[in-house]
Amino acid sequence: MSLIAADIQRVARLARLHIEPDEALHYAAQLSGILDHFATMTVIDTTAVTPLAHAIEVVSGSTRPDVVTEDDHRTELQTGAPQVEAGYYLVPRVLE
Amino acid sequence: MDAGFPETLWAQAQGLRSGAYSSVELTAHYLARIARLDPQFNAYITVCPDRARAQAVAADATRARGESGILTGIPYANKDIFCTRGVLTTCGSRMLANWAAPYDATVVARLGDAGMVMLGKTNMDEFAMGSSNETSYFGAVRNPWDTSRVPGGSSGGSAAAVAARLAPVATGSDTGGSIRQPAALCGISGLKPTYGRVSRWGMIAFASSLDQGGPMALTAQDLALMFNAMAGADPRDATSIARPPEDFSAALERPLAGLRLGMPAEYWDAAADPALQAGLLAALENFRALGASVREVSLPHAAVSIPAYYVVACAEASSNLSRYDGVRFGHRCAAPQDLADLYSRSRAEGFGDEVKRRILMGTYALSAGYYDAWYRKAQQLRRLIQQDFTAAFAGVDLLIGPTTPTTAFALGSKFEDPLTMYLADVYTTGVNLAGLPALSVPGGFINSLPFGVQLIGNYFSEATLLQAAHQYQSTTNWHLQRPAMAA
């Protein structure tokens, strides 16, 4: 498993994470080493094994009905926003 | 303890009830200790003297009205992952360094309703990602037994606060060992409950299928008393489990005769530190003397719990942390050129190195072309790991083994090598993948540093875990030792 800086930059773009070129080299080396070690799990045959996504599948088997229970908390929730005007979040212009 | 206050929650509750002291006096005692001692440990990110005093006054008034419960007026330290209305909730990150939550987490509300007094918010690895508390934006926490060493993580501030007697009890959260590992390294007790027992509402998400809050304390008895208040169904958490209320302290005094303990062969590594092996065997003898029987069991897939855990946890983290976009809350970069620049630079500035590494690893494991080889594979191994535990519990009541492979390591010694740091979670991550309850209790000392004994139970067996731990603590005194620096 060998990742190069370009792989890291591709993943960083997907994650919307700005990475400097020297950081990409640093992460490529580190993640390659980690994934090499993790490759031990690929030798186990799991062909017939159903994936387990969540402990709740085993613990209780279900979650509660997914219904809206909260009122509108916009004003409170926006108190922590970096920039708000008239109830809207302000961001840089998207369309010219 | 100095000033005539006992150290455990249980003993403090007796003193409050008898009128030996008030909650205001007990709270002032802890606030004074924090001011005097915490600069050398860095266990707290935020201390809340005014809020704590007000809660203590209210608790004393509740008691005067004859409406108090066992937790009324007891101070506690709150891991900075639990949202607290009007108080900074940073999750150990620059991203949330100035963020005050607009609401209380369910855990915070429940402890408040029980009359507990929040002393402050404790330091932690950034977004709970770490096993040493060195990834915190607010600086590393230092182990009260040796301040050149780590306290463990990610609930390192909570563990250090309890060990240094800067709080009688604390909250923690455990995604891959983050309650049990720092409890072991700081010589205290910590319980990771069955997944779904404790509401995750208002507990900042790291890996949602693994995250579980729990108590940290000096004794198993204190864990039980605090867990009574923390546990319970919450309609606000879709994964919260509705079960009849249970008194987790009811069975503590019951003898252990007939208890069947299993030693997972994979956890009793012949190559491990001989001193740790000797300490664990001594603990096993204590349990035998208490009437437990012991037999060997096997968890055949234990060796792949680390890769399976890190792939699942990082994948979920990369998704959960996408909410930090510089728009709705948290850090925003200066002078963004456009929306893409706003997102990517705010995130680059707001997150530390370990969080970025995990976002990258998780995004990679979920990306097109790699999903089946990494994420799906990890989920399949998760099934096998879960089935291993179920098979083991067919013949025994609890599993026993080490919490960690070593005692507390030196600050900085593993920080530059993330893989070595991850491998330290070898005995704790399987429990989270399966959703099982487990606890760590102090088992002794190696070169003056504490180590932990881990007990793992089947689903919903917290009462048995706490009973076993309490009985063990009734015949040992490791849990009563205090660091010299906590004088």
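The values are calculated or read from the model by the stated rules, or taken from the named source; none is laboratory data. Just so it is clear, the structure is predicted and the values come from calculations on it, not from any experiment. Heads up, the Cβs are rebuilt from the backbone with ideal geometry, glycines too, and the neighbour counts pull from every protein chain shown. Just so you know, the surface numbers come from the protein's heavy atoms only, side chains and all, with ligands and any DNA or RNA stripped out. Shrake-Rupley method; radii C 1.70, N 1.55, O 1.52, S 1.80 Å.
Assorted remarks:
- Segments B:178-191, A:9-22 sorted - mean Cβ within 10 Å per residue, highest first: B:178-191, A:9-22
- For the residues of A:63-76, the average number of beta carbons from a partner chain within 10 Å of their own beta carbon is 2.
- When B:482, B:65, B:51 are compared by accessible area of protein heavy atoms, the largest-first order is B:65, B:482, B:51, using a 1.4 Å probe.
- Shielded by partner chains, the range B:236-269 residues - at least 30 Å² of accessible area, 1.4 Å probe, vs chain alone: B:236, B:238, B:239, B:241
- Length-normalised contact order of the range B:107-253 in % [C-alpha pairs under 8 Å, at least 6 apart]: 19
- Simple label model, 7 Å out from Cα along Cβ direction - residue A:48 to residue B:242, nm: 3.8
- Taken across both chains, chains A and B shield about 5400 Å² of accessible surface from a 1.4 Å probe.
- Relative contact order (percent, whole number), the range A:1-89, Cα cutoff 8 Å, 6+ residue spacing: 22
- Distance (nanometres) between label positions extended 7 Å along Cα→Cβ at residue B:148 and residue A:6: 4.7
- The range A:1-43 - percent of accessible surface contributed by carbon and sulfur, probe 1.4 Å: 61
- The magnitude of the dipole of the range A:1-43, with charges of +1 and -1 set on the Cβ of Lys/Arg and Asp/Glu and taken from the Cα centre, is near 220 debye.
- Normalised by 2.2 N^0.38 Å, with N the number of residues, the alpha-carbon radius of gyration of the range B:118-169 equals 1.01.
- Between residue B:100 and residue B:339, the modelled labels are 3.1 nm apart [label points 7 Å from Cα along Cα→Cβ].
- Among B:467, B:52, B:404 the positive-end extreme of the charge dipole of the protein assembly as shown (Cβ point charges): B:52
- Reported to the nearest whole Å, the Cα centre-to-centre distance from the range B:196-268 to the range B:388-414 is 17.
- In the protein assembly as shown, taking the dipole from charged Cβ atoms about the Cα centre, the farthest positive-side position among B:355, B:201, B:70 is held by B:70.
- Kirkwood-based shape ratio for the range A:1-43, expressed as Rg/Rh from alpha carbons: 1.04
- HN-Hα J in Hz across the range B:109-115 - Karplus 6.51, -1.76, 1.60, θ = phi - 60°, x for Gly and Pro: 5, 5, 5, x, 5, 6, x
- Reduction of at least 20 Å² in accessible surface, 1.4 Å probe, comparing all protein chains with the chain by itself, residues of the range B:189-216: B:195, B:209
- Placing +1 on the Cβ of every Lys and Arg and -1 on the Cβ of every Asp and Glu, with nothing else charged, gives the protein assembly as shown a dipole about its Cα centre of roughly 600 debye.
- Entry for the protein assembly as shown at q = 0.06, 0.08, 0.10 Å⁻¹: log10 I(q)/I(0) = -0.28, -0.51, -0.81, Debye formula applied to identical alpha-carbon scatterers, no solvent contribution.
- Placing unit charges on the Cβ atoms of the charged side chains and taking the dipole of the protein assembly as shown about its Cα centre, the candidate lying farthest along the positive direction among B:418, B:240, A:89 is B:240.
- In this structure chain B gives 30 Å² per residue of accessible area when probed at 1.4 Å with all protein chains present.
- The Cβ shell under 13 Å around residue B:398 holds other residues with a net charge of 0, Lys and Arg each +1, Asp and Glu each -1.
- For residue B:117, the residues whose modelled amide H falls within less than 5 Å of its own, excluding neighbours fewer than 5 places apart on the same chain, are B:73, B:74, B:76.
- With R₀ set to 25 Å, the beta-carbon distance separating residue B:17 from residue B:250 gives a calculated FRET efficiency near 0.85.
- Cβ charges +1 (Lys, Arg) and -1 (Asp, Glu), total dipole of chain B, debye: 520
- Averaged over peptide B:330-340, the number of partner chain Cβ atoms lying within 10 Å of each residue's Cβ comes to 3.
- Note, ³J(HN,Hα) from phi for the range B:159-165, Karplus 6.51, -1.76, 1.60, rounded to Hz, x at Gly and Pro: 5, 5, 4, 5, 4, 8, 6
- Computed from backbone phi, the HN-Hα couplings of the range B:209-219 come to 7, 10, 4, 8, x, x, x, 10, 7, 7, 10 Hz, rounded to whole numbers (Karplus: 6.51 cos²θ - 1.76 cosθ + 1.60, θ = phi - 60°; Gly and Pro given as x).
- Accessible surface, per residue, of the range A:1-43 when the full set of protein chains is kept, probe 1.4 Å, Å²: 51
- Computed with every protein chain present, the accessible area of residue A:79 is close to 110 Å² [probe 1.4 Å].
- Under 5 Å, built H, 5+ apart or other chain: amide partners of residue B:195: B:436
- Residues losing 50 Å² or more accessible surface upon assembly, the range B:65-104, compared with the chain by itself, 1.4 Å: B:102
- Difference of contour (0.36 nm per residue) and Cα-Cα distance, residue B:368 to residue B:285: 24.7 nm
- Computed in the context of the full set of protein chains, the accessible area of chain B at 1.4 Å probe radius has 53% of its extent on carbon or sulfur.
- Sites excluded, GluC sites (Glu not before Pro) in DSSP loops with at most 10 other C-beta within 10 Å, longest stretch of chain B: B:68-415
- Between the beta carbons of residue B:54 and residue B:445, assuming R0 = 51 Å, the FRET efficiency works out to 0.80 to the nearest 0.05.
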